[in-house]
1. Restrict the check to the stretch 190-213 and report whether at least one residue is charged (D, E, K, R), in contact with a Ser or Thr (Cβ under 9 Å, 6 or more places away or on another chain) and closer than 14 Å to Ala156 by Cβ.
2. Any idea which of (1) in contact with a Lys or Arg (Cβ under 7 Å, 6 or more places away or on another chain); (2) in a strand (DSSP E or B) is the one Phe247 doesn't satisfy?
3. Within the stretch 179-195, track down each residue that is assigned to a loop (DSSP other than H, G, I, E, B) and more than 14 Å from Gly253 (Cβ to Cβ).
4. On the basis of being modelled with pLDDT under 95 and in the same structural domain as Ser320 (by TED's automatic domain parsing), does Asn263 make the cut?
5. Just checking, which of Gly87, Gly136, Gly181 is touching a Ser or Thr at 6+ places or on another chain (Cβ under 7 Å) and within 16 Å of the ligand (Cβ to nearest atom)?
6. Starting from residues that are closer than 22 Å to Ile134 by Cβ and free of Cβ contacts under 8 Å to residues at least 40 places away in the same chain, keep the ones in the stretch 457-475 and report whichever is surrounded by the fewest Cβ atoms within 10 Å (Cβ to Cβ).
7. Counting only residues that are assigned to a loop (DSSP other than H, G, I, E, B) and in contact with an Asp or Glu (Cβ under 7 Å, 6 or more places away or on another chain), how many does the stretch 261-299 have?
8. Going through the stretch 444-476 one residue at a time, which ones are under 28 Å from the mean Cα position of the chain (by Cα) and part of a loop (DSSP other than H, G, I, E, B)?
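The values are calculated or read from the model by the stated rules, or taken from the named source; none is laboratory data. Remember, predicted model here, so these are calculated numbers, not experimental data. Every residue, glycine as well, gets a Cβ built from its backbone with ideal geometry; the counts of neighbours run over all protein chains shown.
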Amino acid sequence: MSNIVKFFRLVLFVYLTIPLCYYGHSQNEWSSMYGNYFFSSKFSDTIVGKQNIYGKLKREDIQGQRPNIILIMADDLGYGDLDAFGGNGSINTPNLDGLADNGLKLTNYHTNGVNCSPTRAALMTGLYPQEVGIEGVITAKSHRHTGMDPKVTTLAELVGKAGYRSGIIGKWHLGYQPKFGPIAQGFDEFRGFVSGNVDYKSHIDQEGYTDWWKGTKLIEEEGYITEIITDHGIQFMKSIQDNTPFFLYLAHGAPHFPYQGPNDPAYRTVNGDFPTLGPREDIEGAYIEMVESLDRNIGRILDYLEENQLLENTLIIFSSDNGPMGTVGSNAPFRGYKGQVYEGGHHVPALFHWKGVIDPRVSDDLVLSMDIFPTIADMLNIKNFENSKKVSGLSITPILCEDTNFKPLNNRTVFWRFRNGQAALKGKWKLVVVDGKSSLYNLSEDIKESKDIKAENQDIFLELKRDLQNWEESLRVELRSH
Ligand SMILES: [Ca+2]
């Protein structure tokens, strides 16, 4: 037998034998050996997609394409809760991890607020929350009369200028009355709730008000909110006619309290007396069920897109709206939690995914919630909108096009303020002020914000103090503070 024949017989033997070694393994075991995308066509082509289509992606490649846009928000999800962002494997989130690993994974993404309403205001307007008067939470107890100024241009109104049909399914939290609601703020459709949280089954807010809306009307509907938000999201996509591009804002309630898994009963009643966080004693267990349900339901959206050949012309953006509560959820590897201006309050998991267009990679460029609005304006080439002169965010299209270390993003100084805390971040340097006491941290060496080094770095410390003071003086609207 010639050596060539022996060689090919050996190759054939190996080819046939290796799969037999693993006969009987489940798909999950295969997936863990080869990565989830091995079995999922919705992710697999992405690995080679962009180079085949574009070579190096240019700005004009994404400008004017008018992709569908799905903006998925998780509520109070921590950076350390997802394995793709360094989680410890305690929560099974294959769909979110798959999106992160096969999209642009943003490891230096920050919410503008350290809690719900401010971040959502920045996301919707491209402005600092303070610039639209939403520095604090619009609470179900004390703020039922107020909301975000309807005169400001929202993301829904922006994409409407480009002919998009827009829908928000889920949590609004920018005003209780219809005059401050999603329809008044430019969305074509709204199904969901306007307060900070509802019973996942009875849809009653923490003050005992019914809070489930269709457009401008309160309605009754049965179902676990993570599931019915997905049902209505799919229904919204099905209703799109004649290839009209759509903007779908899937603003999930999960995993914000009350801690209720998909199989738990309703517990809040109208005007009732109930524990705000829910009746479950093992809230850690409930939290895992909630995050895994969130992931499964995001998988349903991906399945719909894949089945309808929509993944290649749909940009998916995912983020959390602030850090975890502290009682549950992982802030690893940061210090602090929701409500605080340490990294744990605002440094959250985020990603952009666009199959075949955005190359899978990791970016540590600085991106904030307020950058989403100008990024979409830039992509759709919309220049004339009411917020255009004063938008504080920046378009991140350069980093979508692999211009890493894009200086305008990374050299800017950005700010937070909530209650007794203020912070300013410039590059690796972060100034944190709590109860008037200032500290300076070098995040490149001390991501945990544990060692105050202002004494050794007076120049940058004084520069950031001055920048923070100037920013506070520049805020033009009357501030709400809690
Ligand atoms: Ca939140």
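1. no
2. All conditions pass for Phe247, except number (1).
3. Gly181, Pro182, Ile183, Ala184, Gln185, Gly186, Phe187, Asp188
4. No, not satisfied.
5. Details: Gly87 fails: within 16 Å of the ligand (Cβ to nearest atom); Gly181 fails: within 16 Å of the ligand (Cβ to nearest atom).
Testing whether each residue is touching a Ser or Thr at 6+ places or on another chain (Cβ under 7 Å) and within 16 Å of the ligand (Cβ to nearest atom) leaves just Gly136.
6. That would be Glu473.
7. We begin by selecting, within the stretch 261-299, every residue assigned to a loop (DSSP other than H, G, I, E, B); these are 261-282.
Pick out the ones that are also in contact with an Asp or Glu (Cβ under 7 Å, 6 or more places away or on another chain) and you get 261-262, 266-268, 280.
Number satisfying all stated conditions: 6.
8. Ser444, Glu445, Asp446, Ile447, Lys448, Glu449, Ser450, Leu475, Arg476
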